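A short worksheet on the structure shown next.
Nothing in this text is a laboratory measurement; each read-out follows from the coordinates by a stated rule. Computed from a predicted model, the values in this text were never measured in an experiment. A quick note on method: Cβ atoms are made from the backbone with ideal geometry, for glycine too, and the neighbour counts reach across all protein chains shown.
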Amino acid sequence: MAAADPIRITAVKTLVVNAKMRNWTFVKVETDQAGLYGWGEASLNWKTRAVTGAVEDLAPLIVGRDPRDIEQILRVLTKHSYYRLGIVGVSAISGIEHALWDIFGKSLGLPVWRLLGGKVREEIRVYTHLGLGEMRSVYETLDPAPLREKAQAVVDMGYTALKVVFIPYSGFTVDIAARRHVDRMMAALRDAVGEGVEIMIDFHGRPASVSAALQFIDVLSAYDPMFCEEPVQPGDTQALRMVTERARCPIATGERLVGFKEFEEIFRQKAVNIIQPDLNHTGGLLEGKRIAAAAEHAFMGVAPHNPNGPIAGAAALHFAISTPNVVIQEEMVGAVPWYDDVVSVPMRRVGSAWPAPDTPGLGVEVNEAEAAKHPFEPEILHTQSAVLADGTIADW
């Protein structure tokens, strides 16, 4: 097929795969060229049915268009939707956009990173979570002994970086018991993995004040974390900047922000050290590149958020290979035993890194028959634990 030959989108479909910890929402964009289609991902925890509905609503806007006109299609999806799109609509757009890049790369026989500006590195360092992201391991490992055991298992698999979530559900103040608990957890973790392994602590926005966040950070900083993530809820950039200015370790945020505009004030105030756009939720690869470029101008690194499925991982890989200020990539490869039965992916971990792929497009193929064996199920809830001793509902 010549590059000038017209290609037209004929259908936009979704395929939901329940992966126990969450549902993966795959997006397939089909074209009028035999065998030419693209895969993307729009997974959004606890919002699966809303996202698939949004994809269905958006599809008529782009059927008949050339999938290679990615910038124009994004304008159609955002401007012709009329109402402002929140994270549900933008996640749907992100999945569609991934699939358009997949088509574009396949049409030229080139990997997507080549189309995003080319290679800036040969590999990207990756990290994972306790239990490879199995939800109960991530959110319910709250005692030192299982924390040590699960962290050591991650290191034994070859990872040199991992993330944990053990900050207590908090109000506006932090008591001595909570600080000592965090100290015991972090001491056990550092002792288990040694100084050669990077540790990231996800606060999940649980502290309800700057002072509460800083009290925990003061405890953690003695153990040299790579960064503390989302120490306060998103939305108050001044509070975030106050945390960053006083913290004795790097501060990161960004997974819940949607599109460049929600990052803009963070850049203006230089409110963090590392930003974490989720390429599944912030508009896709083009928007991610814009965010990363602004972050570099503000002297910030990028550590993309990605506890999602395999196509999101592939998109993140191509982004990282082509984006100079990416410092590390979150990943969940192999999170379920049948992972490789459902998808073939370009991510091949060597030690604690993903090498640059050379397959055309995103390099992903989905076995739709195998995927159908794992249909949608409601995801596991963990928010029921986010309650303080007096019954006050806290941020999960």
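Could you give the alpha-carbon Rg of the chain over 2.2 N^0.38 Å, rounded to two decimals?
Details: Rg = 20.6 Å, N = 396, 2.2 N^0.38 = 21.4 Å.
For the chain, the normalised Cα radius of gyration is 0.97.
What dipole magnitude, in Debye to the nearest 20, does the chain give about its Cα centre under +1 on Lys/Arg Cβ and -1 on Asp/Glu Cβ? Mind dumping the intermediate values first?
On the way: 38 positive and 49 negative charges, 110 e Å.
The calculated dipole for the chain is roughly 520 debye.
Starting from the amide H of residue 353, placed 1.01 Å from N in the peptide plane, find each other amide H under 5 Å away whose residue is 5 or more places distant or on another chain.
HN-HN under 5 Å from residue 353: 126.
Using Cα pairs under 8 angstrom and six or more residues apart, how large is the relative contact order of the chain, in percent? Intermediate results must be reported in sequence, preceding the final value.
Values: 866 pairs, mean separation 79.7, N = 396.
RCO, the chain: 20 percent.
For region 236-288, with only Lys/Arg (+1) and Asp/Glu (-1) charged at the beta-carbon, what is the dipole magnitude about the Cα centre, in debye rounded to 20?
Details: 7 positive and 8 negative charges, 58 e Å.
Dipole magnitude for region 236-288 comes out near 280 debye.
Please state the charge dipole magnitude for region 57-187, taken about the Cα centre, from unit charges on C-beta atoms (+1 on K and R, -1 on D and E), reported in debye and rounded to the nearest 20.
Values: 17 positive and 15 negative charges, 59 e Å.
About 280 debye.
For the chain, what is the calculated [θ] at 222 nm in deg cm²/dmol (nearest 500), taking -39500 (n - 2.57) for each run of four or more DSSP H residues and dividing by its residue count?
Details: 14 runs with 149 residues, N = 396.
So the helix-based figure for the chain works out to -11500 deg cm²/dmol.
Mind listing which chymotrypsin sites (Phe, Trp or Tyr not before Pro) in region 157-210 are in a DSSP loop and have 12 or fewer other Cβ atoms within 10 Å?
On the way: sites: 159, 166, 169, 172, 203; in loops: 159, 166, 169, 172, 203.
Counting only loop positions with at most 12 other Cβ atoms within 10 Å, the chymotrypsin sites (Phe, Trp or Tyr not before Pro) in region 157-210 are 172.
Taking +1 at the Cβ of each Lys and Arg and -1 at the Cβ of each Asp and Glu, which of 334, 271, 172 sits farthest along the dipole of the chain towards its positive end, judged by Cα position relative to the Cα centre?
271
For the peptides 86-99, 362-375, what is the packing order when you average, over each peptide's residues, the other Cβ atoms within 10 Å and list the highest mean first? Before the final figure, lay out each step's value.
Values: 86-99: 26.2, 362-375: 16.6.
With the highest mean Cβ count within 10 Å placed first, the list reads 86-99, 362-375.
Which distance in Å, rounded to a whole number, links the C-alpha centroids of region 147-191 and region 364-393?
About 23 Å separates the Cα centre of region 147-191 from the one of region 364-393.
Restricting attention to region 280-357, which trypsin sites (Lys or Arg not before Pro) occupy a DSSP loop and are surrounded by at most 14 other Cβ atoms within 10 Å?
Working: sites: 289, 290, 348, 349; in loops: 348, 349.
Counting only loop positions with at most 14 other Cβ atoms within 10 Å, the trypsin sites (Lys or Arg not before Pro) in region 280-357 are 348.
Identify, among 67, 34, 194, the residue whose Cα sits farthest towards the positive end of the charge dipole of the chain, taking +1 on the Cβ of Lys and Arg and -1 on the Cβ of Asp and Glu, with the dipole about the Cα centre.
The listed residue farthest towards the positive side: 67.
Considering only 285, 345, 369, whose Cα is most displaced toward the positive end of the charge dipole of the chain, charges sitting on Cβ of Lys, Arg (+1) and Asp, Glu (-1)?
The residue sitting most towards the positive pole is 285.
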